[in-house]
Amino acid sequence: MKKDLQNEFLSTITHEIRTPLTSIKGFSQTLQDNWDKIGDEQKKKFIKIIEEQSERLIKLIENVLNVAKIDSNNENIVPKKVNLNQIAKKVIELTKINHKEHNFETNLASGELCALADTDFCEQILVNILENACKYSPKNTTVKISTGTKENNAYVSIQDEGEGIEENQLPKIFDKFFRVDNYLTSKAQGSGLGLYIAQNLAHKMNGEIKVESSTQNNKGTVFTLYLPVFEIENFTRKDM
Ligand SMILES: Nc1ncnc2c1ncn2[C@@H]1O[C@H](COP(=O)(O)OP(=O)(O)OP(=O)(O)O)[C@@H](O)[C@H]1O
Ligand SMILES: [Mg+2]
C-alpha cells in the first residue's frame, strides 16, 4: 500500500473506531455517575446503545480483517459447485431475523441453480447486499430476491424500494470506505466496506456485481451478483 493511502486508511479507521468507543465510554460513565437518578427505561435505552455500538465495532473489525485479507491477496479459493438457490434462502432467513419490518418476496429459479463458486463468499456477498437493501429502504417496504441464468451466468438479484442512488455516485459505491452523503446514510450505521468486500469476493470467483438504481418514483436499487454457471463438462469427477 502506498504511504498516503496507508495514512488515509489509518485515519479513517481511527475515526471509525473512536466514534463508537466515545459513545460506549460516555454512556457507561453517565450510567455510573447517575445510577440512582435515572429511571429503568432510560437505563435500558443507554445499555441498548452500548450494545449497538459494541456490535458496530465488532462488525468494523471483521470488515477490516476481510479487507486486509483481500488486499494482501491471501484469500483465494478453488471454485466448486454451489447451489445459489439454497444459499439465497439461507441468507434471507438470516437477514429476516434483524429486519422484521421489511417484507421479503422471492422468485427463485426452479430446481437447483448451480454456479462455479464458493459457498462462504456467496453468503458474505448476499448478506452485505441484503443488509444494505434493508438499511437503505423504509420499513414496511418489500425487498425482492430473484435468481436465474443469463447467458453463461447464474445470478441472484436483490431489489429494494428505497430512494435509490444518484447516477453520479453509482461508480463510487464499490470503493473502500465510500458512503453516499445523504440523510439515509447518516441515519444508518456503516463504514463503507460492505460493497468493496462483496465486489472483490465476486471477482475472486470470476463473477461481478452490477447495480442499477433510480432516484425517481421510488423505483429503488437492484444489485445483481453474476457468477459462472456450473457446467459438468468443465469438471472431471475427481474435482467435484
Ligand atoms: N440498496 C441501497 N440503496 C441506497 N444506497 C445504497 C444501497 N446500498 C448501498 N448504498 C450506498 O452505498 C454506500 C456503500 O455501501 P457499503 O455496503 O459499502 O457500506 P455501508 O453500508 O455504508 O457500511 P458497511 O456495509 O461497511 O457496514 C452506502 O453507504 C450507501 O450510501
Ligand atoms: Mg453495507
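The values are calculated or read from the model by the stated rules, or taken from the named source; none is laboratory data. Since the structure is predicted, the reported quantities are computational estimates derived from the model, not experimental observations. All Cβ positions, glycine included, derive from the backbone under ideal geometry; neighbour counts span all protein chains shown. All accessible areas refer to the heavy atoms of the entire protein, side chains included, with ligands and DNA or RNA removed. Shrake-Rupley method; radii C 1.70, N 1.55, O 1.52, S 1.80 Å.
Looking for whichever is within 29 Å of residue 157 (Cβ to Cβ), open to solvent by 100 Å² or more (accessible area, probe 1.4 Å) and modelled with pLDDT under 95 here; the options are 75, 62. Which one fits? Please lay out each step first, then the result.
Values: 75 fails: open to solvent by 100 Å² or more (accessible area, probe 1.4 Å).
That would be 62, the only listed residue that is within 29 Å of residue 157 (Cβ to Cβ), open to solvent by 100 Å² or more (accessible area, probe 1.4 Å) and modelled with pLDDT under 95.
Among the residues making up the range 178-203, those that are open to solvent by 40 Å² or more (accessible area, probe 1.4 Å) and assigned to a loop (DSSP other than H, G, I, E, B) are 178, 179, 181, 182, 189.
Considering only the range 179-195, how many residues are near ligand 1 (Cβ under 6 Å from one of its atoms) and aromatic (Phe, Trp, Tyr)?
Initial filter on the range 179-195 (near ligand 1 (Cβ under 6 Å from one of its atoms)): 179-180, 185, 190-195.
Then keep just the ones that are aromatic (Phe, Trp, Tyr); that gives none.
Adding up the residues that qualify gives 0.
Confirm whether residue 122 is touching a His at 6+ places or on another chain (Cβ under 6 Å) and either among the acidic types (Asp, Glu) or not in a strand (DSSP E or B) (or both). The answer is no for residue 122. Hey, any hits in the range 134-144 for a residue that's surrounded by 13 or more Cβ atoms within 10 Å (Cβ to Cβ), within 15 Å of ligand 2 (Cβ to nearest atom), among the charged types (D, E, K, R) and not assigned by TED's automatic domain parsing to the domain that holds residue 212? No, every residue in the range 134-144 fails to be surrounded by 13 or more Cβ atoms within 10 Å (Cβ to Cβ), within 15 Å of ligand 2 (Cβ to nearest atom), among the charged types (D, E, K, R) and not assigned by TED's automatic domain parsing to the domain that holds residue 212. Among residues that are out of contact with any strand residue (DSSP E or B) (no Cβ under 6 Å at 6 or more places or on another chain) and in contact (Cβ under 8 Å) with a residue 40 or more places away in the chain, residue 71 is included. When residue 130 is tested against the conditions (1) open to solvent by less than 40 Å² (accessible area, probe 1.4 Å); (2) part of a loop (DSSP other than H, G, I, E, B), the lone failure is (2).
Here is a check on your reading of the model: is residue 201 within 14 Å of ligand 2 (Cβ to nearest atom), in contact with a helix residue (DSSP H, G or I) (Cβ under 7 Å, 6 or more places away or on another chain), modelled with pLDDT of 95 or more and not polar (S, T, N, Q)? Show your work before the answer.
Numbers: within 14 Å of ligand 2 (Cβ to nearest atom): yes; in contact with a helix residue (DSSP H, G or I) (Cβ under 7 Å, 6 or more places away or on another chain): yes; modelled with pLDDT of 95 or more: yes; not polar (S, T, N, Q): yes.
So residue 201 passes the test.
Pairing residues of the range 170-182 that are free of Cβ contacts under 8 Å to residues at least 60 places away in the same chain with residues that are open to solvent by 70 Å² or more (accessible area, probe 1.4 Å) and not in a loop (DSSP other than H, G, I, E, B), at Cβ distances under 7 Å and at least 6 apart in sequence or on separate chains, gives 178/172. Only a single item in (1) over 22 Å from residue 225 (Cα atoms); (2) without any contact (Cβ under 8 Å) to a residue 24 or more places away in the chain is not met by residue 93, and it is number (1). Select from the range 145-161 the residues that are open to solvent by less than 50 Å² (accessible area, probe 1.4 Å) and either within 24 Å of residue 179 (Cα to Cα) or within 13 Å of ligand 1 (Cβ to nearest atom) (or both) and list them in ascending order. Result: 145, 156, 157, 158, 160.
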